[in-house]
1. Looking at region 57-85, I want the residues that are within 11 Å of Pro101 (Cα to Cα) and free of Cβ contacts under 8 Å to residues at least 24 places away in the same chain and have a partner that is assigned to a loop (DSSP other than H, G, I, E, B) and among the polar types (S, T, N, Q) with Cβ atoms under 8 Å, at least 6 apart or on another chain. Which pairs are those?
2. Can you find a residue in region 91-107 that is farther than 30 Å from Ile47 by Cα and surrounded by fewer than 15 Cβ atoms within 10 Å (Cβ to Cβ)?
3. Residues Ala171, Ala113, Ala187, Ala213: which one is among the aliphatic types (A, V, I, L, M), without any contact (Cβ under 8 Å) to a residue 60 or more places away in the chain and on the phi > 0 side of the Ramachandran plot?
4. Could you grab me the full set of residues in region 23-81 that are within 18 Å of Arg109 (Cβ to Cβ), in a strand (DSSP E or B) and open to solvent by 40 Å² or more (accessible area, probe 1.4 Å)?
5. Would you check which residues across region 150-170 are touching a strand residue (DSSP E or B) at 6+ places or on another chain (Cβ under 8 Å) and surrounded by fewer than 14 Cβ atoms within 10 Å (Cβ to Cβ) and list them?
6. Do any strands (runs of 3 or more DSSP E) lying entirely in region 171-217 carry at least 1 residues that are more than 29 Å from Leu147 (Cβ to Cβ) and among the basic types (Lys, Arg), and which ones are they?
7. Which ones in region 115-140 are open to solvent by less than 20 Å² (accessible area, probe 1.4 Å) and small (Gly, Ala, Ser)?
Amino acid sequence: TGRLLAHAFGTTEGDLLPPPREMGLTRWQYRLAGAINTKPVQVGSAIGTVTQAGDVFFADARTGSGVGRTKIARGTEANPVADDRTMYAASTDQSVYAFEPKDAELRWRYRTAAALKDPIALHDGVRYVQVPGQGLTALDADSGSELWINPDTTGYVAAVRRGELVVFEDASASLVDTNRGDTLATAALPGIVRLVPTTFVDGTVYALGENGAVARFDPR
């Protein structure tokens, strides 16, 4: 419905609300242009989101005051990611964007030759995005400049293991060097459709199977 909402699940003293707690108390909400199909992200003290109509919006997380709003050509199919000051979004309008919350200021834009739909990742000042027809691409988070492109490895960065990227696609996982982008190893994961880490860096990884099976991989 294009609504961005904030709910409180506790009192001002920090106590949980009495059951049922499923809904909470609505503190503030905005109605934006277009459906919101991806998760909002926290950027410092603000919350940012992108709608399917390309509405980019930031609000103060506590008060709900709008701090920035702008428009891009299309929406996003991958969840935006953020650090303390910037939200990064890969759009189906063939661009990667970096926005700051105040006035929704555009820091940089990286144009590609294809719509971007795969999950994106941010780690240690580098933004990773899978560009169809180009390969896994590493962008400097500050400037948006290309650091490296790996045309031989496709997929999304699911996790980081001992400083190396774990890239997943089509029932296989690859380890990719973070500095040069070289593919170090590839392993088949037949029947696996998704990898979900408990924490992005050196955490337990759950592999979800197409038949409903779940496998757990612990770091060692």
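1. Close Cβ pairs satisfying both conditions: Asp60/Ser45.
2. no
3. So the residue among Ala171, Ala113, Ala187, Ala213 that is among the aliphatic types (A, V, I, L, M), without any contact (Cβ under 8 Å) to a residue 60 or more places away in the chain and on the phi > 0 side of the Ramachandran plot is Ala171.
4. Correct list: Arg69, Thr70, Lys71.
5. Pro151, Asp152
6. On the way: elements: 172-177, 183-188, 192-197, 205-209, 214-217.
Fully inside region 171-217 and qualifying: 214-217.
7. Those that are open to solvent by less than 20 Å² (accessible area, probe 1.4 Å) and small (Gly, Ala, Ser): Ala121, Gly135, Ala138.
The values are calculated or read from the model by the stated rules, or taken from the named source; none is laboratory data. These numbers come from a predicted model, not from an experiment. Please note: Cβ atoms are built from the backbone with ideal geometry, for glycine as well, and neighbour counts cover all protein chains shown. These area figures cover heavy atoms from the full protein model, side chains too; ligands, DNA and RNA do not enter into them. Shrake-Rupley method; radii C 1.70, N 1.55, O 1.52, S 1.80 Å.
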